[in-house]
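Take a look at the structure below.
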Amino acid sequence: QVQLVESGGGLVQPGGSLRLSCAASGSIFSMYFMGWYRQAPGNQRELVATITSSGAGVYADSVKGRFIISKGNTRYTMYLQMNSLKFEDTAVYYCKAVLRSSPVSPNNDYWGLGTQVTVSS
């Protein structure tokens, strides 16, 4: 069984910063992909940022230059540093991992429960 746990959400004023964390644990044989998604009320879930095996970040245009995705020192952890936050960044932020839980299993998607980020004055 695999679990993804996000933390770090909260209420912040426009222009402020937050740092989200995601930790994957459980039966993980190999990690293929980790990324952050978000879903605002009435909207579809959208990709925010992903991180490659080499540690390079790939970002949605809406967050480029403001958000930074990074790997943690602990295996299967990652962070999302969110700077210059805007009202439109308000959403539930989800951590997603695509991984194999055993040598014979295919890659499967796993999601965290999400953490709320609210940007409000």
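The values are calculated or read from the model by the stated rules, or taken from the named source; none is laboratory data. Just so it is clear, the model here is predicted, and its values are computed rather than measured. For accessibility, only protein heavy atoms count, side chains too; no ligands or nucleic acids. Shrake-Rupley method; radii C 1.70, N 1.55, O 1.52, S 1.80 Å.
Between region 84-115 and region 1-61, the C-alpha centres lie 6 angstrom from each other.
When the residues ASP109, ASP61, ASP89 are ordered by accessible surface, computed with a 1.4 Å probe over the protein chains alone, the sequence from largest down reads ASP61, ASP109, ASP89.
Just how many % of Cα pairs in the chain lie over 16 Å apart, if you round to the nearest whole percent?
When every Cα pair of the chain is considered, 58 percent fall beyond 16 Å.
Apply the Kirkwood formula to region 31-92: the hydrodynamic radius equals the inverse of the mean of 1/r over all pairs of different alpha-carbon atoms; give it in Å with one decimal. Kirkwood hydrodynamic radius for region 31-92: 12.3 Å. Kirkwood-type hydrodynamic radius, region 1-55: 13.6 Å, calculated from all non-identical alpha-carbon pairs.
Accessible area per residue, 1.4 Å probe, Å², for the chain: what's the number? Don't skip to the answer; put the middle values down first.
Values: 6570 Å² over 121 residues.
With the other protein chains kept in place, the chain gives 54 Å² per residue.
Measuring with a 1.4 angstrom probe and ignoring ligands and nucleic acids, SER105 comes out at about 20 Å² accessible.
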